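The values are calculated or read from the model by the stated rules, or taken from the named source; none is laboratory data. This one's a predicted model, so the numbers in the text were calculated from it and none came from an experiment. All Cβ positions, glycine included, derive from the backbone under ideal geometry; neighbour counts span all protein chains shown.
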Amino acid sequence: MGNTAKKALIAGAACAVLAAVVVILLLTAPKKAQESASESSASQPQSVVITEKSADSVLSISVKNEYGSFTFTRKTRASADSEGTAAASYYWTSGELLGVGQSDSAVRSFISGFSSLTAKSVVEEDADELEKYGLKEPRATVTVKFDDGTEKTLFFGITNPANLSTVYFTDGNKVMLAFESGVSGAFGEIKDYANLLITKALGDDERVDYITITRKDLDEPVEIRYMTELEAARDDESYVVTTLDTHRFTSPYNAEINVSKGGTLCGGVCGLTMKECAFLEANEENLAKCGLSDPFCTVKFSYGGEERTLLLGDRARQVVSQSTSDTPELYEVTGYYAVLAGVPGIFILSVDAAPWYSFNPADYVSARPLSPYIYGCESVEITASGETYRFVINGSEKTVSIDGKEVDGELFKKLFEQLIGSVGEEVYTGEIAGEPEITVKFTYTDDYAKLYGARENTLGYTSGGERKDIVSLDGKPIFRVRAVYAERLVENIEKLLGGEDFSIVW
């Protein structure tokens, strides 16, 4: 036999051996793989369907836990579609809400969770020692009744120490685990389903007409009103509206409100959403507990044709660290107890949603506190350096005069722009020592006073040291401004009277 033939024979034999090995592997592999898959499947926890129905099939759901018990019962709401065809929808109500409005979305979410519930896994079949799962004396019991005549009662125990996101429960036959987030309604209170939106949103064509804020730490009430007439005058060609602000203080100042900051102060009463419901009953005992028998802050407001009153009481606190022998108890303020007149219940309003509780009115005065139309003024009287300059303005003839002599109208417009310019460099509400070195008194025409909301306003400039003047509005300090502003003003008055041009940059 030649070498070539021998090599071919050896190669053929080798291939036959390899083929036999492959066959053996193919015959044995499926069995082992099947056994492995079977073992893996057996080791994985199996989910169990507890209920598998729609929310609309729930006739009632009852909860009993450490806070008490409550039941939601299905009702039918009749309606009609756009074509007039009669239709019906379901909703659920509870007498335990004691007249407090409910959040339909929260209630439906709660019911949906129990109408279609799946256990994460089975822990033990026919368990004898329920104590170790907290099920001998359950934390909560939930009974769901369906419109097909069936019902399901579930008992909930302790949180699983090996997985804090799950909780033990039983349907009476076996102990199982469920994700606590999916069954959280079993451990809650009826007040968790209170409607927290207590005022309607502002309509497209609506404005907050007024807000009055009284507070124990303020000497005077804060009064804010919408400049209705001025807003209407924007479409009147006979008026030039010189402000973008929509609201003004009428107390403790007579000044315009900063348009950006004022949005929260004025608009915050619209679409007011509470953080949580504290008590369903606003009885004398609960009102006293919350500091609402004698509220710290009262907010009266009107929009959309409705006048409302919001009462704010004590701060709501949440303990973040228990006291020890060395340290006191630490807590954080989560909001303020609140009652809206005519709305059942006592609520907690978050700190961010309640600017009226702690705001400083001076912080909300516009940096340009006055911005009247030049021809809406009857006169502008400036007292400076012992001299008084009274400029009389004739709106119909568009002229300005002093001591009977007409002055350059364009130059006076420049001076007027400086007078009503932005002087709010720094908020100041401290004391004023002495009398103002400069005063600027604006007296408005009768017609314009109705639009602007004031008959006259006076700005005062008093030296406050550090090369700064204290700016007062109608005698009340509001800002500090660099002294160069007043110095430039005096210079410009002299230049105006001499017919000389000047700069209002300071």
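Evaluate the following for S41: is it loosely packed, with under 10 Cβ neighbours inside 10 Å, at pLDDT below 90, part of a loop (DSSP other than H, G, I, E, B) and not aromatic (F, W, Y)?
Judged against the criteria, S41 is not a match.
Within 27 Å of V339 (Cβ to Cβ) and either at pLDDT below 95 or not hydroxyl-bearing (S, T, Y) (or both): which single residue out of L135, L97, L117, L130 fits that description?
The match here is L97.
Does T85 satisfy the criteria of being among the polar types (S, T, N, Q) and crowded, with 17+ Cβ neighbours inside 10 Å?
The answer is no for T85.
Which of the residues that make up segment 246-281 are under 27 Å from D192 (Cβ atoms) and buried (at least 19 other Cβ atoms within 10 Å of the Cβ)?
G268, V269, L272, M274, K275, C277, A278, F279, L280
For segment 432-458, what are the residues that are among the charged types (D, E, K, R) and at pLDDT below 90?
Answer for segment 432-458, where residues must be among the charged types (D, E, K, R) and at pLDDT below 90: D447, K450.
Scan segment 66-89 residue by residue and report those that are touching a helix residue (DSSP H, G or I) at 6+ places or on another chain (Cβ under 9 Å) and at pLDDT 95 or above.
Across segment 66-89, the qualifying residues are E66, Y67, G68, S69, F70, T71, F72, T73, R74.
Of all residues in segment 373-430, which are in contact (Cβ under 8 Å) with a residue 12 or more places away in the chain, polar (S, T, N, Q) and on the phi < 0 side of the Ramachandran plot?
Result: S379, T383, Q418, S422, T429.
Among the residues of segment 181-188, is there at least one that is part of a strand (DSSP E or B) and either out of contact with any Leu (no Cβ under 7 Å at 6 or more places or on another chain) or within 27 Å of R108 (Cα to Cα) (or both)?
For segment 181-188, residues part of a strand (DSSP E or B) and either out of contact with any Leu (no Cβ under 7 Å at 6 or more places or on another chain) or within 27 Å of R108 (Cα to Cα) (or both): absent.
In this structure, does F416 turn out to be part of a loop (DSSP other than H, G, I, E, B) and in contact with a helix residue (DSSP H, G or I) (Cβ under 8 Å, 6 or more places away or on another chain)?
For F416, the condition - part of a loop (DSSP other than H, G, I, E, B) and in contact with a helix residue (DSSP H, G or I) (Cβ under 8 Å, 6 or more places away or on another chain) - is not met.
If you take just the strands (runs of 3 or more DSSP E) that sit entirely in segment 455-506, which of them hold at least 2 residues that are touching a Lys or Arg at 6+ places or on another chain (Cβ under 7 Å) and not acidic (D, E)?
468-473, 476-482
Confirm whether E151 is surrounded by fewer than 16 Cβ atoms within 10 Å (Cβ to Cβ), under 22 Å from S94 (Cα atoms), more than 40 Å from the chain's Cα centre (by Cα) and not assigned by TED's automatic domain parsing to the domain that holds L272.
yes
For V400, indicate whether it is assigned by TED's automatic domain parsing to the domain that holds F479, of a type in the set (V, I, T) and in a strand (DSSP E or B).
Yes, satisfied.
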